[in-house]
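Working notes, beginning with the structure itself.
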Amino acid sequence: MRKTCFFIPFLVVTMIASAGERPVGPGESKNCDVGPTEKMFGKTKWLLYGCNDAQTAVIVAAEGNPAAPFYFLVFREVDSYRIYGEGAGDKKASGAAMKELKALNGKALANLVIEANRSRH
């Protein structure tokens, strides 16, 4: 729990921005505090959060997940979604989750971001 609890505030602090549902403008940071929703990736539990730009999701290793501390960012680029992961937990666990996330097509990733931001609306 301590590892996951450390990463959530770290992400929020490093992504703080003004409140609102509008897209985040240049020079602003993201605030990813919508949620969480529990999800399973790579046969382990993850927490899905939405961000204030409504185009980004953060997936954080849940308590008891051997990948912790670890997080993924799922974000929109020009015409596709990108997945970025970082952390210091078990590489096999985070690798299995990344493999599952990378297998998702663009529509599925878009739906994941929509799901993460659902409680904002």
(request) Any aspartates and glutamates with Cα under 14 Å of the K107 Cα? List them, leaving off those in the same chain fewer than 8 positions away. (result) E77, D79, E115
(message) Loop only by DSSP, 11 or fewer other Cβ within 10 Å of the Cβ. Give me the trypsin sites (Lys or Arg not before Pro) in the range 25-113 that pass, ordered by residue number.
(response) K43
(request) Take the cross-link list K43/K92; K45/K91; K30/K91; K30/K99; K39/K102; K45/K92 and give me the ones stretching past 20 Å between alpha-carbons. (result) K30/K91; K30/K99
(message) With the crude spin-label approximation of a point 7 Å out along Cα→Cβ, what separation in nm comes out for K91 versus R118?
(response) 3.5 nm
(request) Counting other Cβ atoms within 10 Å, keep those with at most 15, restrict to DSSP loop, and tell me which GluC sites (Glu not before Pro) in the range 22-101 are left. (result) E28, E63, E77
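Every read-out reported here was derived from the displayed coordinates using simple, explicitly stated rules and does not represent laboratory data. The model shown is predicted, which means the values in this text are computed figures rather than measured ones. All Cβ positions, glycine included, derive from the backbone under ideal geometry; neighbour counts span all protein chains shown.
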